[in-house]
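Single-structure report; data block below.
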Amino acid sequence: QVQLAESGGRSVQAEGSLRLSCVVSGPPFSIYVMGWFRQAPGKEREFVGGISRGGSRTYYADSVKGRFTISRDNAKNTVYLEMNSLKPEDTAVYYCAARGGDDRIGGDYDYWGQGTQVTVSS
């Protein structure tokens, strides 16, 4: 059984930085493409970005490109979301997700964490 647990969410002021972590337990972490999503109140869930199984490829939504960085440490079964220059519109619950099968970052994700709240104040 695959379990994902996010941590690191908190309140921060605009222009601040935050790093979220997601630890994955279960089958070997390296077989999963990992993604980060977010959902703000009253809005649809948004794909923030993802990283390939080996970490060589990443993808970012335009809304976070240049500000957010996704990385992974396969030895620690952990994926990270480094967020810089945060804006109030980044306020959301952030979820990590794992995708099995091929190494594409796009597509449907199979396993989800419970989410961690990030609040950015102006």
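Things worth noting here:
- Probing with 1.4 Å while keeping every protein chain in the model, the per residue accessible area of the stretch 49-113 equals 46 Å².
- Ranked by solvent-accessible area (1.4 Å probe, protein heavy atoms only, all chains present), the residues W112, W36 order from largest to smallest as W112, W36.
- Shape box of the chain [Cα atoms, principal axes, largest first, Å]: 41, 27, 24
- Zone residues, the stretch 89-117, relative to S7, backbone N less than 19 Å from point 7 Å out along Cα-to-Cβ: 94-98, 112-117
- For the stretch 73-122, the residue among Y111, V79, A92 whose Cα projects farthest onto the positive side of the dipole built from Cβ charges is A92.
- Take every pair of alpha-carbon atoms less than 8 Å apart whose residues are at least six positions apart; their mean separation over the length of the stretch 1-117 yields a relative contact order of 35 percent.
- Each Lys and Arg adds +1 at its Cβ and each Asp and Glu adds -1 at its Cβ; summed about the Cα centre, the chain shows a dipole of about 180 debye.
- The residues packed around S56, meaning those with a beta-carbon under 12 Å from its beta-carbon, carry a net charge of +2 if Lys and Arg are +1 and Asp and Glu are -1.
- Here the chain carries DSSP beta bridges of which approximately 90% are antiparallel, counting only pairs with both residues inside.
- Computed label-point distance, nm, for sites K76 and R57 using a 7 Å Cα→Cβ extension: 2.6 nm
- Among the protein heavy atoms of the chain, carbon and sulfur supply 45% of the accessible surface, probe 1.4 Å, non-protein parts ignored.
- The stretch 50-94-the stretch 23-37 distance, computed between alpha-carbon centres (Å): 14 Å
The values are calculated or read from the model by the stated rules, or taken from the named source; none is laboratory data. Not measured: the values here are computed from a predicted model. Ideal geometry is used to build each Cβ from the backbone, glycine not excepted, and the neighbour counts take in all protein chains shown. Areas reflect the complete protein model, heavy atoms only, side chains present, ligands, DNA and RNA absent. Shrake-Rupley method; radii C 1.70, N 1.55, O 1.52, S 1.80 Å.
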